[in-house]
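A short worksheet on the structure shown next.
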């Protein structure tokens, strides 16, 4: 059975347009919302997701990258990092021109690429979203159950894939839209019977809630993307951001203590965003991060096969398009043009220029 065919029978869940679902994002980012138009000149606003591993961890490392800050300063730029709960929330500010770059899963990235003028420049994750339930249960046994999910996300796509794999329709379960930060408590309190999420939430649930099991996993890569007008104004900015990602991955892989430190930074960022500590230790965050990035080499290029007619990006674009979840004007050609491999190729070809083997990080806490 073609996994994507049953999806067409499911009710639409992504648009009208994803940026309209960002009211909570506006409340979470009052500093950005107060800007009347555009953003401060010379500032690169970078959207992060502290509750997502490993992209939240990578962002915390980039935040402390002195080489990145100094290199951008030479080009007249300052970089500021802004936390969000999920990729869809970032789109609200991307539309308003207040976010210039971000890391997000493939579903939010494809939607952004079809709607906005962005450049997707690097693969930063090859990991899984998962369905977690109080078990033991199978996907088929989720029929009639209450399932929490974050709308317009990789996890939502994973949930639909899980239902399709068991020949279930969306109407066969009770879907409960909620923020990613609410799911652990909702499952523990019995308000939902299962949820769909990305790491570290599945691991936190397994640790904190008795008899929880993972009943389904689905591969969901994540990407670094940059607002194309920024790159056109100064093409080197894209190279400097990509170089920082490469450095960060290499730094974390080089020593266990580096991973642990990045885990501590991420826990602090999570607490700042949601007002409480996560349910994992820095060591556990470090283990999850390594699991998620170990398949991303020191040269995190976007695999060329993914940009072909038979690649997963095209399959997910067709899925979204067939459901009417993308604008009528959205085209595969526009999405494909958004995925750009030349920048990372150039950076990797010039390791000394971009200081790919040099590490210089602020080791203290920072909220920048």
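The values are calculated or read from the model by the stated rules, or taken from the named source; none is laboratory data. Computed from a predicted structure; not experimentally measured. So basically every Cβ, Gly included, is an ideal-geometry build from the backbone, and we count neighbours across all protein chains shown.
Just checking, does the stretch 240-263 include any residue being under 18 Å from residue 72 (Cβ atoms), surrounded by fewer than 18 Cβ atoms within 10 Å (Cβ to Cβ) and in contact with a strand residue (DSSP E or B) (Cβ under 7 Å, 6 or more places away or on another chain)? Among the residues of the stretch 240-263, not one is under 18 Å from residue 72 (Cβ atoms), surrounded by fewer than 18 Cβ atoms within 10 Å (Cβ to Cβ) and in contact with a strand residue (DSSP E or B) (Cβ under 7 Å, 6 or more places away or on another chain), which makes the answer no. Tallying residues that are surrounded by fewer than 22 Cβ atoms within 10 Å (Cβ to Cβ) and without any contact (Cβ under 8 Å) to a residue 40 or more places away in the chain within the stretch 141-159 yields 3. In the stretch 301-311 there is no residue that is modelled with pLDDT under 85 and surrounded by 17 or more Cβ atoms within 10 Å (Cβ to Cβ).
Test residue 195 against the criterion of being under 20 Å from residue 89 (Cα atoms), modelled with pLDDT of 95 or more, outside the structural domain of residue 99 (by TED's automatic domain parsing) and crowded, with 20+ Cβ neighbours inside 10 Å, and give yes or no. For residue 195, the condition - under 20 Å from residue 89 (Cα atoms), modelled with pLDDT of 95 or more, outside the structural domain of residue 99 (by TED's automatic domain parsing) and crowded, with 20+ Cβ neighbours inside 10 Å - is met.
Given the residues 319, 339, which is the only one that is within 20 Å of residue 246 (Cβ to Cβ), in the same structural domain as residue 234 (by TED's automatic domain parsing) and surrounded by 13 or more Cβ atoms within 10 Å (Cβ to Cβ)?
339
Of all residues in the stretch 295-317, those satisfying the criterion of being free of Cβ contacts under 8 Å to residues at least 40 places away in the same chain and not in a helix (DSSP H, G or I) are 297, 308, 309, 310, 311. Suppose the filter is farther than 20 Å from residue 255 by Cβ, modelled with pLDDT under 95, in a loop (DSSP other than H, G, I, E, B) and under 23 Å from the mean Cα position of the chain (by Cα); does residue 320 pass it? Against the criterion (farther than 20 Å from residue 255 by Cβ, modelled with pLDDT under 95, in a loop (DSSP other than H, G, I, E, B) and under 23 Å from the mean Cα position of the chain (by Cα)), residue 320 does not qualify.
Scanning for something touching a helix residue (DSSP H, G or I) at 6+ places or on another chain (Cβ under 8 Å), assigned by TED's automatic domain parsing to the domain that holds residue 250, in a strand (DSSP E or B) and at pLDDT 95 or above, does the stretch 52-66 turn up at least one residue? Yes, because at least one residue in the stretch 52-66 is touching a helix residue (DSSP H, G or I) at 6+ places or on another chain (Cβ under 8 Å), assigned by TED's automatic domain parsing to the domain that holds residue 250, in a strand (DSSP E or B) and at pLDDT 95 or above.
Listed here are the residues, each with its yes/no results for (1) in the same structural domain as residue 72 (by TED's automatic domain parsing); (2) farther than 30 Å from residue 40 by Cβ; (3) surrounded by fewer than 24 Cβ atoms within 10 Å (Cβ to Cβ); (4) at pLDDT 95 or above.
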| position | (1), (2), (3), (4) |
| --- | --- |
| 97 | yes, no, yes, no |
| 104 | yes, no, no, no |
| 112 | yes, no, no, no |
| 134 | no, yes, yes, no |
| 139 | no, yes, yes, yes |
| 161 | no, yes, yes, no |
| 167 | no, yes, yes, yes |
| 170 | no, yes, yes, no |
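Only one of the numbered conditions (1) in the same structural domain as residue 69 (by TED's automatic domain parsing); (2) at pLDDT below 95 is not met by residue 236, and that is (2).
One line per residue, one yes/no per condition, for (1) over 30 Å from residue 117 (Cβ atoms); (2) touching a helix residue (DSSP H, G or I) at 6+ places or on another chain (Cβ under 6 Å); (3) in the same structural domain as residue 84 (by TED's automatic domain parsing):
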{"position": "259", "(1), (2), (3)": "yes, yes, yes"}
{"position": "268", "(1), (2), (3)": "yes, no, yes"}
{"position": "272", "(1), (2), (3)": "yes, no, yes"}
{"position": "286", "(1), (2), (3)": "yes, yes, yes"}
{"position": "310", "(1), (2), (3)": "no, no, yes"}
{"position": "313", "(1), (2), (3)": "no, yes, yes"}
{"position": "332", "(1), (2), (3)": "no, yes, yes"}
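Looking for something more than 23 Å from residue 141 (Cα to Cα) and crowded, with 19+ Cβ neighbours inside 10 Å - is there at least one such residue anywhere in the stretch 203-221? Scanning the stretch 203-221, I find at least one residue that is more than 23 Å from residue 141 (Cα to Cα) and crowded, with 19+ Cβ neighbours inside 10 Å, so the answer is yes. When restricted to residues that are touching a residue at least 60 places away in the same chain (Cβ under 8 Å) and on the phi < 0 side of the Ramachandran plot, the stretch 318-339 contains 14. If you go through the stretch 280-300 and keep only what is surrounded by fewer than 17 Cβ atoms within 10 Å (Cβ to Cβ), modelled with pLDDT under 85 and over 22 Å from residue 358 (Cβ atoms), you end up with 281, 291, 294, 295. For residue 81, the conditions (1) surrounded by fewer than 22 Cβ atoms within 10 Å (Cβ to Cβ); (2) part of a helix (DSSP H, G or I); (3) touching a helix residue (DSSP H, G or I) at 6+ places or on another chain (Cβ under 6 Å) are fulfilled apart from (2).
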